[in-house]
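The values are calculated or read from the model by the stated rules, or taken from the named source; none is laboratory data. What you see is a predicted model, and the numbers here were worked out from it, not measured in a lab. Cβ sites come from the backbone with ideal geometry, for glycine too, and all protein chains shown count toward neighbours. In case anyone asks, the SASA skips ligands and DNA or RNA and just uses the protein heavy atoms, side chains included. Shrake-Rupley method; radii C 1.70, N 1.55, O 1.52, S 1.80 Å.
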Amino acid sequence: MEEFYITKEEYKLGLFVFEQTLAMLAGFFPQTDIKVIFIPSPLSSYHLASQKVSYRGYMEFENLEEVAVIKRRHEELCETIRNISLARKMSFLNATKGLRKVASQGFIHGPINWDHLNKRGHKALSTDIAQVFLQLAGGARTDNCIY
């Protein structure tokens with residue numbers, strides 16, 4: 001967990017809070033079909049061609065990372081969030097694939113704020129979300145975390 005710059009206990013606590021939040025939401029809105037949407041980090045939104053990447057991180061931490069570590073973190077977190085969602089019988093949409101497709105044609109973050117989606121990124125994300133909400137067949141959507 002040191003790769004996340006948090007302790008294992010902090011990571012587990014964050015997942016516990018997420019799971020309890022889903023439970024409270026479901027209890028508060030029992031007739032609502034809740035859908036969980038996994039949005040990748042900016043680094044996980046792009047195909048990274050090199051073996052290492054430099055990024056703007058927290059000042060006290062090194063900001064050069066192995067691309068393999070970034071991929072592993074992304075997949076682990078995605079799978080964990082997916083499993084929690086499915087255990088609660090909630091749809092799970094992994095927005096990574098759609099965002100990466102659009103990101104292969106141009107930036108979906110910045111230039112004003114590289115930590116958040118720009119207009120192109122928001123449009124791609126909202127298109128994915130709209131498809132989930134407009135599905136006529138109903139039922140739960142359960143994307144995988146392979147990208």
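Quick check on my filter: what residues within region 82-107 are touching a Leu at 6+ places or on another chain (Cβ under 9 Å) and either closer than 13 Å to Ser41 by Cβ or assigned to a loop (DSSP other than H, G, I, E, B) (or both)? The answer is Arg88, Met90, Ala95, Leu99.
Considered as a group, the residues in region 121-142 that are of a type in the set (D, E, K, R) and modelled with pLDDT of 85 or more include one that is farthest from Gln105 (Cα to Cα), and that residue is Asp128.
Evaluating Thr32 against the criteria (1) under 22 Å from Val102 (Cα atoms); (2) over 18 Å from the mean Cα position of the chain (by Cα); (3) part of a loop (DSSP other than H, G, I, E, B); (4) not small (Gly, Ala, Ser) leaves one unmet condition, (1).
Quick one: how many residues across region 35-79 are touching a strand residue (DSSP E or B) at 6+ places or on another chain (Cβ under 9 Å) and not in a helix (DSSP H, G or I)? Going through region 35-79 one residue at a time, the tally reaches 18. Within region 63-70, can one find any residue that is touching a helix residue (DSSP H, G or I) at 6+ places or on another chain (Cβ under 7 Å) and at pLDDT 90 or above? Scanning region 63-70 turns up at least one residue that is touching a helix residue (DSSP H, G or I) at 6+ places or on another chain (Cβ under 7 Å) and at pLDDT 90 or above. When Val102 is tested against the conditions (1) in contact (Cβ under 8 Å) with a residue 60 or more places away in the chain; (2) under 17 Å from Val132 (Cβ atoms); (3) open to solvent by 10 Å² or more (accessible area, probe 1.4 Å); (4) in contact with a helix residue (DSSP H, G or I) (Cβ under 6 Å, 6 or more places away or on another chain), the lone failure is (1). For region 7-23, filtered to residues that are exposed (fewer than 14 other Cβ atoms within 10 Å of the Cβ) and among the aliphatic types (A, V, I, L, M), the residue that is nearest to Ala87 (Cα to Cα) is Ala23.
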